[in-house]
Amino acid sequence: MAIISSPKGTHDLIGNEGRAYAYISDTCGLVAAVYGFDPLLTPIFEANELFARGVGDATDIVRKEMYVFTDKGNRLMALRPEGTAGVMRSIIANKLYATNDLPLRYYYSGPMFRYERPQLGRYRQFHQFGVESVGSTSIMADFEVILLAIHMLNALGLDNITTKINSIGKKEARDAYRAALKKYYEPHLKDVCPDCKVRYEQNPLRMLDCKVPSDVELAKKAPTITEFLTPQDKNDLEFIKYSLNQYGISVEVDYGLVRGLDYYSGIIFEFAYIPPSGKDYGAIGGGGRYDKLVEELGGPSLEGVGFAFGIERLYHILNEEGKLAHTEIKDDFIIIGMSEKARHTVYGLLTTLRADGLRGIMNFEDKSFKSLFKIAENRGARIALILGEEEMKKEVVAVRDLKTQEQVEVPFDQVVNHVLVSCRHNHECGCGCDEEDCDCDEHHENHECCGEEDCKCHEGEEDHECCGRHKHDENHECTGKGKGRGVNCKKHNTEKTDTNETK
Ligand code: HAM
């Protein structure tokens, strides 16, 4: 029978890749939480009209890239191409704005769908992590979300990020700019691509975004928005630039930056990062301010600002940078039951070890030793626990260290403790360390909670730098992973109990 392949432009997230995606999203979520953001997760399909009105009829996304379908109730629906419109719909429908606690701060993560031509870093189903800050007209809100984005990227281990900002001004400035663009493009109309001919009529700003080489050249000589910006718009740009510089973050003002969605007004921004291979996966994220979106969707007059990262692009970059190795999980043990009876006998051991937080599997069928050891090797297991007729008679389990190949017999009643001790340093410091001479205990000594407000105990230690996030946290948990990765620290949560039991 013919094999069914995954739809073009989609991919399956298998094993460690799936884990890495969850890690990226969770890390961003934890940083967002520190900034006071809460989750707001919306459906992956919405009324088509939401995107037509929200993202804009004239955008490529709505005109060409949406997955639109009629449901069985004859409603015109669309798979979401982005997350902002859905969050606004929810804020309006649930009257979340009816609070004096503005701006509302929400984040979301999940799949988005755009019928684009698949290429490096571009998919038809992709994942975004996004945030929206809704209900403040202050430029501080713009600054806060940009800083938040950079903090998230730092937490993932990315430091040399290119941040580009621009302002596309308020409606009046954009209207004047549109008119100027039309004037500029008019004599060239016969030469531009068919899409740009439509863009010329509907929204000439989109022409600046065209990727057709001859149109890119034309766009280079087009008037820029700068001459139409008000002094306030220019001040806002300066404020963002100056404030980020104060935090040591450099920002490039790119007057040619336009974004592919119609709801923007004022500050817009994009983040880029070129990994060592030099591959350009495209912008890793982008966002900006939107002043009329909530109103256009039937809500009150509230401005918002937000951004979204592309998780696929972040994944590729982090992978190339070797920043995802710690998300790869290996097995601690494999149990090899040599017969059905042995497997039934030893199943309790499997359950106990798992309950103790160790990761491992047992064979369910009879297989050769060779193939079982191959499985153990592929899964990175540290030890094999073997139970055959002989061992059952003697009430022992043969425990083989899969690195040294040394094998000992351990009585049934001591095996749990034996395994916990053998696998202990895999689980103590949370570093995923596989070293024979792991000195977790030393780290532990150095990194125990000091209870001090200005804890500096981890400074300068390569593996165990303090993440800085627990300054206000009584326990001063250590990340065990280096600066910025405190967001997923599990180190000291488990070790106090484990260490005593397993020593
Ligand atoms: P966007 O620039 O369309 O903005 O998408 C944000 C990010 O999603 C991009 O920078 C890119 O990393 C990723 N992305 C977009 N399309 C694809 C694709 N086809 N394949 C892979 N990754 C992709 C928005 O979606 C806005 N809703 C962001 C925002 C939030 N603005 C205000 N609030």
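The values are calculated or read from the model by the stated rules, or taken from the named source; none is laboratory data. Fair warning: this is a prediction, and the values are worked out from it, not measured in the lab. Glycine also receives a Cβ, built like all others from the backbone with ideal geometry; neighbour counts cover every protein chain displayed. These accessible areas exclude ligands, DNA and RNA; they are computed on the full protein's heavy atoms, side chains included. Shrake-Rupley method; radii C 1.70, N 1.55, O 1.52, S 1.80 Å.
Residue under question is residue 451, and the condition is that it be part of a loop (DSSP other than H, G, I, E, B), at pLDDT below 95 and surrounded by 17 or more Cβ atoms within 10 Å (Cβ to Cβ); does it hold? Against the criterion (part of a loop (DSSP other than H, G, I, E, B), at pLDDT below 95 and surrounded by 17 or more Cβ atoms within 10 Å (Cβ to Cβ)), residue 451 does not qualify. Of the residues that make up the stretch 382-398, is at least one assigned to a loop (DSSP other than H, G, I, E, B), over 15 Å from residue 420 (Cβ atoms) and acidic (Asp, Glu)? Yes, the stretch 382-398 contains at least one residue that is assigned to a loop (DSSP other than H, G, I, E, B), over 15 Å from residue 420 (Cβ atoms) and acidic (Asp, Glu). Within the stretch 26-34, identify whether any single residue is more than 17 Å from the chain's Cα centre (by Cα) and in contact (Cβ under 8 Å) with a residue 40 or more places away in the chain, and answer yes or no. Within the stretch 26-34 (the criterion being more than 17 Å from the chain's Cα centre (by Cα) and in contact (Cβ under 8 Å) with a residue 40 or more places away in the chain), the answer is no, since none of the residues qualifies.
Filtering the stretch 282-314 to residues that are among the acidic types (Asp, Glu), over 17 Å from residue 169 (Cβ atoms) and either surrounded by 22 or more Cβ atoms within 10 Å (Cβ to Cβ) or touching a residue at least 60 places away in the same chain (Cβ under 8 Å) (or both) leaves 296, 312.
Taking the numbered list (1) within 12 Å of the ligand (Cβ to nearest atom); (2) among the basic types (Lys, Arg); (3) in contact (Cβ under 8 Å) with a residue 40 or more places away in the chain in turn, residue 89 passes all entries but (1).
Out of the residues in the stretch 111-167 that are of a type in the set (Gly, Ala, Ser), under 22 Å from residue 312 (Cβ atoms) and away from the ligand (no atom under 12 Å from the Cβ), which is surrounded by the most Cβ atoms within 10 Å (Cβ to Cβ)?
For the stretch 111-167, the residue satisfying everything is 155.
Scanning the stretch 315-339 for residues that are touching an Asp or Glu at 6+ places or on another chain (Cβ under 8 Å) and not small (Gly, Ala, Ser), we see that the one that is least open to solvent (accessible area, probe 1.4 Å) is 315.
I'm trying to understand the selection: among the residues of the stretch 267-281, which are open to solvent by 40 Å² or more (accessible area, probe 1.4 Å) and at pLDDT 95 or above?
Step one: of the stretch 267-281, the residues open to solvent by 40 Å² or more (accessible area, probe 1.4 Å) are 270, 274, 276-280.
Matches in the stretch 267-281: 270 only.
Note on the stretch 236-268: residues that are part of a helix (DSSP H, G or I) and without any contact (Cβ under 8 Å) to a residue 40 or more places away in the chain amount to 4. When the stretch 304-321 is filtered for residues that are outside any strand (DSSP E or B) and either within 16 Å of the ligand (Cβ to nearest atom) or at pLDDT below 95 (or both), the ones remaining, listed by number, are 311, 312, 313, 314, 315, 316, 317, 318, 319, 320. Inside the stretch 260-293, residues that are closer than 20 Å to residue 238 by Cβ and of a type in the set (D, E, K, R) make up a count of 3.
Within the stretch 276-290, is there a residue that is closer than 22 Å to residue 126 by Cβ, more than 11 Å from the ligand (Cβ to nearest atom) and among the charged types (D, E, K, R)? Yes, the stretch 276-290 contains a residue that is closer than 22 Å to residue 126 by Cβ, more than 11 Å from the ligand (Cβ to nearest atom) and among the charged types (D, E, K, R).
The residues on offer are 144, 172, and the sole one that is among the acidic types (Asp, Glu), at pLDDT below 95 and in contact with a Phe, Trp or Tyr (Cβ under 9 Å, 6 or more places away or on another chain) is 172.
Kindly provide the set of residues from the stretch 192-219 that are among the basic types (Lys, Arg), open to solvent by 20 Å² or more (accessible area, probe 1.4 Å) and at pLDDT below 90, ordered by number.
211
Filtering the stretch 35-82 to residues that are closer than 27 Å to residue 157 by Cβ, of a type outside the set (D, E, K, R) and exposed (fewer than 15 other Cβ atoms within 10 Å of the Cβ) leaves 36, 39, 41.
Against the conditions (1) without any contact (Cβ under 8 Å) to a residue 24 or more places away in the chain; (2) open to solvent by less than 30 Å² (accessible area, probe 1.4 Å); (3) in a strand (DSSP E or B), residue 350 satisfies every one except (3). Which one is nearest to the chain's Cα centre (by Cα) among residues in the stretch 234-258 that are of a type outside the set (Val, Ile, Thr) and surrounded by 20 or more Cβ atoms within 10 Å (Cβ to Cβ)? The extreme case among them is 257.
Filtering 301, 371 for residues that are assigned to a loop (DSSP other than H, G, I, E, B), at pLDDT 95 or above, of a type in the set (Ser, Thr, Tyr) and more than 17 Å from residue 415 (Cβ to Cβ) leaves a single hit, 301.
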